[in-house]
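I have placed the structure first, in the form of structure tokens, so that the comments after it can refer back to it.
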Amino acid sequence: MQTVKLALAGFGTVGTGVARILEENEELLLKRSGIKYVITSVLVRDTEKQRDYIPGPETKFTTNPEDLTADPEVDVVVELMGGITLAKEIVVKAIKSGKHVVTANKHLLAVHGIELFKLAEEYGVGLYYEASVAGGIPIVESIKESLCVNKIKNIVGILNGTANYILSEMTTNGLEFDTALSQAQELGYAEADPTFDIEGIDAAHKLVVLIRLAYGEDYPLEELPVEGISKITGLDIKLAREFGYRIKLIGQVRDVCGKLEAGIFPALVKYTLLLARVGGNYNAIRVEGNAVGPAFFHGQGAGALPTGSAVVADIMTLTKMDKPNNTGFYSSDLKKADILPPEHATSEYYFRFTVADKAGVMAAISKILSEHNISIAQAVQKGDASGVNVPIVFLTHKARAKDVNDALKIIDDMPFIAQSTISLRIL
Ligand code: NAP
Ligand code: HSE
């Protein structure tokens with residue numbers, strides 16, 4: 001029987017999940033791979049910290065990264081600590097020492113992935129990252145292996161469990177934003193810095209990884225349009241519901257005549273679509289290929305065991321295979337994508353204007369929209385005859401992002417506008 005030695009950099013939510021799976025499913029892993037997996041070392045910040053779960057006596061806890069990367073006995077370094085500074089140093093050292101690396105760190109891959117993949121190719125080692133996108137959903141290997149013969153037309157998905165949990169709790173249980181966020185943190189879904197979840201940054205990291213897998217091209221993170229959910233209020237959730245929509249944080253990329261249009265944004269999703277029904281910390285991704293057509297993936301996008309499941313699968317795949325397939329493309333030297341300027345993107349829109357309830361307001365707004373080629377599909381005023389500010393909601397036909405931005409800039413300067421207009425795309 002072969003033994004593979006693992007070093008874990010990080011033993012928090014995901015690290016603990018990995019260790020639990022290795023212990024609880026040891027017999028199954030042995031049957032499937034013929035390999036016994038042993039965690040020899042674990043890097044943490046604080047070795048004295050009380051932990052809910054401790055692996056067997058063969059595991060040494062350390063605060064020195066060299067105990068992982070310089071140990072010739074270690075076969076695979078598993079990076080589960082987060083951040084991009086020390087994590088990068090550890091990954092680089094592990095690769096240069098000829099060790100395979102498995103990581104759940106989408107931030108690291110989004111920022112330094114291109115360089116790390118080239119390095120891994122140079123040293124002939126694996127750099128696997130199934131857990132980095134959508135936790136337990138096997139989307140990375142699916143695009144890289146199972147759908148590899150397809151030209152990908154588009155990918156649209158819910159890529160952040162924390163944001164989806166918050167929006168679901170606000171929609172279904174009427175929870176306040178902050179209460180729902182605290183619950184997501186307690187459940188271990190949120191990033192160390194939860195603004196990454198709320199402001200769409202974590203989803204952006206994942207979308208950059210997905211774009212590379214689907215198109216073999218690099219969409220630089222700093223060029224990706226990113227908008228989070230912090231501006232979403234209970235009122236928008238309620239109004240959207242009345243029109244038959246749910247609000248979801250969406251990640252999307254599509255091929256528009258050879259150019260990539262991509263972004264992270266909150267959007268209204270018709271309640272009949274599968275994406276609208278994705279609740280809690282669940283993630284979902286719809287991939288459309290030119291041969292396979294649409295394929296839909298759904299599962300838990302965060303949490304110890306779902307994420308641990310993806311990490312352990314990578315460990316097993318890498319230690320069973322002869323030649324790793326890190327990027328899904330023959331060369332790991334990925335070039336920059338041809339990007340559609342975000343202002344050229346088109347979409348239907350939901351606008352919520354907050355206005356003084358008086359004559360001529362609706363007509364003035366409609367005029368500006370019409371002057372910017374924005375055609376109204378539905379309009380509703382939620383007036384209460386109190387004479388104070390009221391919401392007016394417009395749903396539009398398809399409009400260009402630039403026209404929308406220009407029109408809203410003019411409208412928001414008008415004297416009857418009481419607060420900035422909320423503008424959301426409709427999927
Ligand atoms: P976490 O619970 O905060 O655990 C982080 C671990 O790394 C802790 O054990 C911590 O040590 C250790 N660590 C952090 N900085 C360190 C440093 N400078 N030196 C030594 N050790 C350090 O994080 P997590 O939720 O497991 O997430 C880990 C990674 O997985 C992140 O990249 C995250 O984005 C990704 N991920 C998480 C999930 C999820 O559901 N949580 C899902 C998918 C991907 P101490 O224990 O001593 O504090
Ligand atoms: N914070 C992330 C989320 C963890 O909520 O989706 C999984 O990547």
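Whether any residue in the stretch 59-69 is under 21 Å from Ala310 (Cβ atoms), in the same structural domain as Thr317 (by TED's automatic domain parsing) and among the aromatic types (Phe, Trp, Tyr) is what I want to check. No, because not a single residue in the stretch 59-69 is under 21 Å from Ala310 (Cβ atoms), in the same structural domain as Thr317 (by TED's automatic domain parsing) and among the aromatic types (Phe, Trp, Tyr).
Can Ile137 be described as β-branched (Val, Ile, Thr) and either closer than 22 Å to Ser309 by Cα or under 13 Å from the mean Cα position of the chain (by Cα) (or both)? The answer is yes for Ile137. Hey, any hits in the stretch 260-272 for a residue that's modelled with pLDDT under 95, surrounded by 23 or more Cβ atoms within 10 Å (Cβ to Cβ) and within 16 Å of ligand 2 (Cβ to nearest atom)? Checked the stretch 260-272: no residue is modelled with pLDDT under 95, surrounded by 23 or more Cβ atoms within 10 Å (Cβ to Cβ) and within 16 Å of ligand 2 (Cβ to nearest atom).
Restricting Lys206, Lys144 to those that are surrounded by fewer than 22 Cβ atoms within 10 Å (Cβ to Cβ) and of a type in the set (Lys, Arg) reduces the list to Lys144.
When Leu175 is tested against (1) in a loop (DSSP other than H, G, I, E, B); (2) within 13 Å of ligand 2 (Cβ to nearest atom); (3) not small (Gly, Ala, Ser), only condition (2) is not met.
Applying the criterion of being surrounded by fewer than 17 Cβ atoms within 10 Å (Cβ to Cβ) and under 20 Å from Thr13 (Cβ atoms) to the residues of the stretch 63-84, the residue that is farthest from ligand 1 (Cβ to nearest atom) is Ile84. Looking at the stretch 272-292, which of the residues that are assigned to a loop (DSSP other than H, G, I, E, B) and not hydroxyl-bearing (Ser, Thr, Tyr) is nearest to ligand 1 (Cβ to nearest atom)? Only one residue fits best here, namely Asn281.
The values are calculated or read from the model by the stated rules, or taken from the named source; none is laboratory data. Since we're looking at a predicted model, the values are computed, not measured. All Cβ positions, even for glycine, are placed from backbone atoms using ideal geometry, and neighbour counts span all protein chains on display.
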